2 protein chains.
Amino acid sequence: MCQDCDYHKILAAAGLETTRNRLHVLEAIGERGFPLSAGDIYARVGLHRPINRVTVYRILDLLAEKNIIERLSSLKRGSYYGLAPNENHAPHPHFYCTSCGRLDCLSPGSLAVDTEHLRNTFPGEIERVEVRVDGLCQNCLQQKST
Amino acid sequence: MCQDCDYHKILAAAGLETTRNRLHVLEAIGERGFPLSAGDIYARVGLHRPINRVTVYRILDLLAEKNIIERLSSLKRGSYYGLAPNENHAPHPHFYCTSCGRLDCLSPGSLAVDTEHLRNTFPGEIERVEVRVDGLCQNCLQQKST
DNA sequence: TGAGCAAATGCAATATAGTTGCATTTACCG
DNA sequence: CGGTAAATGCAACTATATTGCATTTGCTCA
């Protein structure tokens, strides 16, 4: 993710002003193929223009609340952020490597979860389902065996 | 979870000494029907006997590493801990209420995930799959509507 | 255009969760 | 009983995130 998303349009659709910081944050998240930590995003945005750490956190909170980005969890401290599912991106599971700490996107179809039954029977309200696979990525696995 | 687990036996099987602190940590986790945060566990164990925060963290790390307990993530900061899947407990998804912040166990069958295909095709090594449903629990949903 | 205003951002201080190094205590083994 | 390794305690520290308040930015309407 993502060449296909017009960030300006997305922000406007959510009723948010299109500031340079917000665009840079979105670009930082979208230009990598995998979710980033707040610290990573802060560092990447900072390459373009000085920005305050707090501003990054606030933008991330705002974008997550508006469902533009998605907050993802892992076994590491701190959250990761990726573009939220939308017309261009189907919801998909992630893979967390317990060795190198990188979070990767798995293809939407790689792990089928049938939420139908739960949605029909659960007494509360379901907003989203997060599926994360933990283990060793190919790289780390190979390095261990040599 | 869990009346069915003999914690002493479980610790011994993992080659760990059965200290009072470890038993109290396991009891604290097992006696509630849902996973607890490190802070909760620290507080509950402290009711029996003074214990150091660091000791709790170290025991949690150790038990998680030995697969006796399972570290769970949520949208909140910090991890939750529950008894790990074993002969008495099938792996199961969890529900995180974004309003009250409580993490609950869902029944093992409530959300079927077919990992077969992924396990056959994934180039790395898969250790576990964590499935978390986010939304509003029944309680919080009712309180909002009144 | 520019004054007024709300939203966005910056900055410093603080909070929360977890970690590290080292000293002390406990529990096992001969 | 004495020696030794494991477990625990304590203080300091790190990383991540949040809060309150001051300043800047950018939109709106005269």
Notebook entry, point to check: Measuring label to label, 7 Å along Cα→Cβ, what does A:F34 give against each other copy in nm, shortest first?
Noted result: 3.3
Item checked: 3J(HN,Hα) from dihedral phi, region A:75-88, Karplus parametrisation 6.51/-1.76/1.60, rounded to Hz, x for glycine, proline -> 7, 8, 5, x, 9, 10, 10, x, 4, 6, x, 8, 4, 8
Margin query: At 222 nm, what value in deg cm²/dmol follows for chain A if DSSP H runs of at least 4 each add -39500 (n - 2.57) and the sum is divided by all its residues, to the nearest 500?
Written below: -11000 deg cm²/dmol
Next item on the list: Put a label point 7 Å from Cα along the Cβ direction on A:H8, then list its distances to the equivalent points in the other copies in nm, shortest first.
Entry: 7.2
Notebook entry, point to check: Beyond 14 Å, what share of the Cα-Cα pairs of region B:26-78 remains, rounded to the nearest whole percent?
Noted result: 52 percent
Notebook entry, point to check: Top mean-square fluctuation among A:T19, A:T121, A:T55, Gaussian network model of chain A, C-alpha springs under 10 Å?
Noted result: A:T121
Margin query: With θ taken as phi - 60° and the coefficients 6.51, -1.76 and 1.60, list the Karplus ³J(HN,Hα) couplings across region B:54-69 in order, rounded to whole Hz; mark glycine and proline as x.
Written below: 4, 4, 4, 4, 5, 5, 4, 4, 4, 5, 5, 5, 8, 6, 8, 10
Item checked: Normalised contact order of chain A, rounded percent, pairs of Cα under 8 Å and 6 or more residues apart -> 20 percent
Next item on the list: Considering the rotation that carries chain B onto chain A, locate the chain B residue whose Cβ comes closest to its axis and report the distance in whole Å.
Entry: B:S73, 2
Note to self: With a 1.4 Å probe, what is the total accessible area buried between chains A and B, in Å² rounded to the nearest 100?
What the structure shows: 2800 Å²
Margin query: I'd like the mean, over residues of B:105-115, of how many other protein chain beta carbons sit within 10 Å of each residue's own Cβ.
Written below: 4
Notebook entry, point to check: Under the Karplus relation 6.51 cos²θ - 1.76 cosθ + 1.60, θ = phi - 60°, what is the ordered set of whole-Hz ³J(HN,Hα) values for region B:122-138, x standing for Gly and Pro?
Noted result: 5, x, x, 10, 9, 9, 7, 10, 10, 10, 10, 9, 10, x, 10, 6, 3
Margin query: As a test of reading the structure, rank B:S79, B:S107 by solvent-accessible area (1.4 Å probe, protein chains only), most first.
Written below: B:S107, B:S79
Margin query: Going 7 Å from Cα along the Cα-Cβ axis for the label, what nanometre distances separate B:H92 from the same residue across the other copies?
Written below: 3.2
Checklist line | Listed pairs A:K9/A:K76; A:K76/B:K144; A:K144/B:K66; A:K144/B:K76; A:K76/B:K66 exceeding 27 Å between Cα atoms | finding: A:K9/A:K76; A:K76/B:K144; A:K144/B:K76
Checklist line | Pairwise Cα inverse-distance average, inverted: Kirkwood Rh of the protein assembly as shown (Å) | finding: 20.8 Å
Check: Across peptide B:134-143, how many C-beta atoms of other chains are within 10 Å of each residue C-beta, on average?
Finding: 4
Margin query: With +1 on the Cβ of every Lys and Arg and -1 on the Cβ of every Asp and Glu, and nothing else charged, how large is the dipole of region B:7-145 about its Cα centre, in debye rounded to the nearest 20?
Written below: 640 debye
Notebook entry, point to check: Taking amide H positions as placed 1.01 Å from N in the peptide plane, with prolines and chain starts having none, which residues 5 or more places from B:S37, or on another chain, fall under 5 Å of its amide H?
Noted result: B:Y81
Next item on the list: Filter the GluC sites (Glu not before Pro) in region B:65-146 to those in DSSP coil with at most 16 other Cβ atoms within 10 Å of their Cβ, and list the result.
Entry: B:E87
Check: When chain A is treated as a GNM, springs tying every alpha-carbon pair under 10 Å, which of A:P93, A:P50, A:P35 comes out with the largest mean-square fluctuation?
Finding: A:P50
Notebook entry, point to check: Out of B:G135, B:G82, B:G15, any idea which swings most in a Gaussian network model of chain B, alpha carbons joined below 10 Å?
Noted result: B:G15
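The values are calculated or read from the model by the stated rules, or taken from the named source; none is laboratory data. Since we're looking at a predicted model, the values are computed, not measured. When we count neighbours, we look across all protein chains shown, and the Cβ atoms used for this are built from the backbone with ideal geometry, even at glycine. Heavy atoms of the whole protein, side chains included, go into the accessibility calculation; ligands, DNA and RNA do not. Shrake-Rupley method; radii C 1.70, N 1.55, O 1.52, S 1.80 Å.
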